[in-house]
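Visitor: Take this structure, written in C-alpha cells, and hold onto it; I'll ask about it next.
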C-alpha cells in the first residue's frame, strides 16, 4: 500500500511539473491579438471603394474567423454601400487564413449615391476564433469625406525580413499602400515639360546606354562585361557603377536613363539589370534591352525585349497630371504602383542608396529607407532642443526644410552594419509639410515587430494647415 502511494505521488508530482512547464512556455508567448490596422480613415468623393485591413500579432496554424459589428450614421447597408465579403444583420465576418497575419474587407459606394460628408460607419471587433483575442485597437471609423487625421499611428507593412514591399504612406488619410517591389520596372515622369524615366530603385536595378538605336540589332555581344560592371559591387571603382543607378536624392537630372529626346535618333538603347526580387536567397530578375521614344500623343513609347530577341514589344505610356509617375512592368505592361501625387507623403523601402568605403560613393543596398514624395518637405528636430511633446505651431517658422527624396533616408535609425544592432534613434523627430500644406510632427517608435524587421512603426501629430 505504501509503495502504491509513493507511485501515485511521483506521478502526481510529474504532472504538476509538466503543467508548470507548459504554463511557463505559454507565458513566454504573448497573447495573439487581432486589431484594425488604423483607427480612422476617410473615403473621399472621388473614391469609389476603400480596403480596410485587420492584423494579428502573428500568424496561426488555423483559419481565424473574425466578426465585426457595423454601427451606421447617415448611411444604410445595401442602399448607400456594400462590402466584400457581404454583411448581414449589421455584422460582417472575415477570415484570417492559416499562416497569415492579416486580412481585409472592401467597402464600395453604390453608384449614383451622393454623400453630404457627415456620414460615417464605426466597425467594432465583436468576436474572434480561438486562440486569438481582440486587441485594444478594436474600432475603426470610416468617414464619407476627406479625413485630415489629427493623430496617426501606423505599423508599416514592409513585408517582414525579406522587405518585400515598398510602402506609400498618406499621413492626412492615416493610410498606407503596400506594393510588392517586384511589381514594376520603370517609372515615367508625368511633368508637362520633361521626359524622364526612373528605375525601380527598390529592386537594385541598373541601366547602361549603348551606342545603338535599333533594338533588333542588339545581341549578347553588346553586353560583354556587364555582369560585373552593371551590378552592385562595393569593390568596383566609384566611377564605374555609380552612373548606372538613379542618384538617391531624387534629382531627375541624375538618373541612369537620359532625358527622352524629341529627336528619335538621339534616343539610344539601354541594357538593364533588373536586380533582385524578394527572397532568401534573393532571385535575380534577369536582363532586358529597351529604348524609349516620345509619341505623337505627348507621352512615351517603350520598346523592350529579351537580350537575344530579334523582335520587341511596345507599350505607350500617357502622362497623367494626377500622378508624378506612371509605371510599367516588362512582364505585365502598365501597373499601378504609387498613389496619386497628393495621396502619399513618405515611403518606406528597400533602396538603391550610395555609401563611401573610402574611394568615393558606390551603389549600396539599404533596408528601412524613408523617402519623401516630390511635393513634401521635411525638417529634423533634435529632442534636446525641443521635446516631441512640447513642439508646437510656433516652432515651425524656425525650422529649415529640405525637399530631396532622401532627406530622412536612414537617419531615423542607427546600426544594422557588421557587429551592430539596428535601433530607432530616439534623440530626433521630423516635421513634415505635405502637398496640401499640412504640417505634422513625426517620430518613429519601432524598428521591428516581435523582433522581425520589415514592420517599423511611427506616430504623427497634426500641427496646422497653411
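Taken together, the values in this text are just the output of simple stated rules run on the coordinates, not laboratory data. For clarity, every value in this text was computed on a predicted model and none was experimentally measured. Every residue, glycine as well, gets a Cβ built from its backbone with ideal geometry; the counts of neighbours run over all protein chains shown.
Visitor: With only alpha-carbon atoms in the gyration tensor, what are the semi-axes of the equivalent ellipsoid for segment 353-448, in Å, largest first?
Guide: 26, 17, 11
Visitor: How big is segment 32-77 along each principal axis, measuring the range of its Cα positions in Å and listing the largest first?
Guide: 40, 19, 16
Visitor: Let me ask something additional. From a point 7 Å beyond the Cα of residue 148 in the direction of its Cβ, which residues of segment 444-466 have a backbone N at a distance under 12 Å?
Guide: Only 462-466 pass the distance filter.
Visitor: Related question: How much length, in nm to one decimal, is gained on full extension between residue 44 and residue 219, taken as 0.36 nm per residue of separation minus their Cα-Cα distance?
Guide: Result for the pair: 58.0 nm of gain on full extension.
Visitor: Next up: Compute the orientation-averaged projected area for segment 391-445 from the convex hull of its Cα atoms and round it to one decimal in nm².
Guide: Seen from a random direction, the Cα hull of segment 391-445 projects 4.8 nm² on average.
Visitor: Could you work out the mean projected area of the convex hull around the alpha carbons of segment 33-147, in square nanometres to one decimal?
Guide: 6.6
Visitor: Run the simple label-point estimate for residue 356 and residue 118 please: 7 Å along Cα→C-beta, distance reported in nm.
Guide: Taking the two extended label points, one gets 6.0 nm.
Visitor: Counting each DSSP H run of 4 or more residues in the chain as -39500 (n - 2.57), what helix-only mean residue ellipticity at 222 nm follows after dividing by all residues, to the nearest 500 deg cm²/dmol?
Guide: Theoretical 222 nm ellipticity from helices: -2500 deg cm²/dmol.
Visitor: Also, I was wondering about something else. To the nearest 10 degrees, how steeply does helix 2-28 sit against the main Cα axis of the chain, on a 0 to 90 scale?
Guide: Computed tilt is about 40 degrees.
Visitor: Considering just Cα atoms, how many Å³ per residue does the convex hull of the chain enclose?
Guide: Hull volume normalised by residue count: 229 Å³.
Visitor: Under the √(5λ) rule applied to the eigenvalues of the Cα gyration tensor, what semi-axes describe the equivalent ellipsoid of segment 186-335? Give them in Å, descending.
Guide: 23, 18, 16
Visitor: Further question on the same structure: Based on the Cα coordinates of segment 143-222, what is the per residue volume of their convex hull in Å³?
Guide: 178
Visitor: Now, a different point. Using alpha carbon centroids, what distance separates segment 388-466 and segment 116-168, in Å?
Guide: Comparing the Cα centres of segment 388-466 and segment 116-168, I get a distance of 21 Å.
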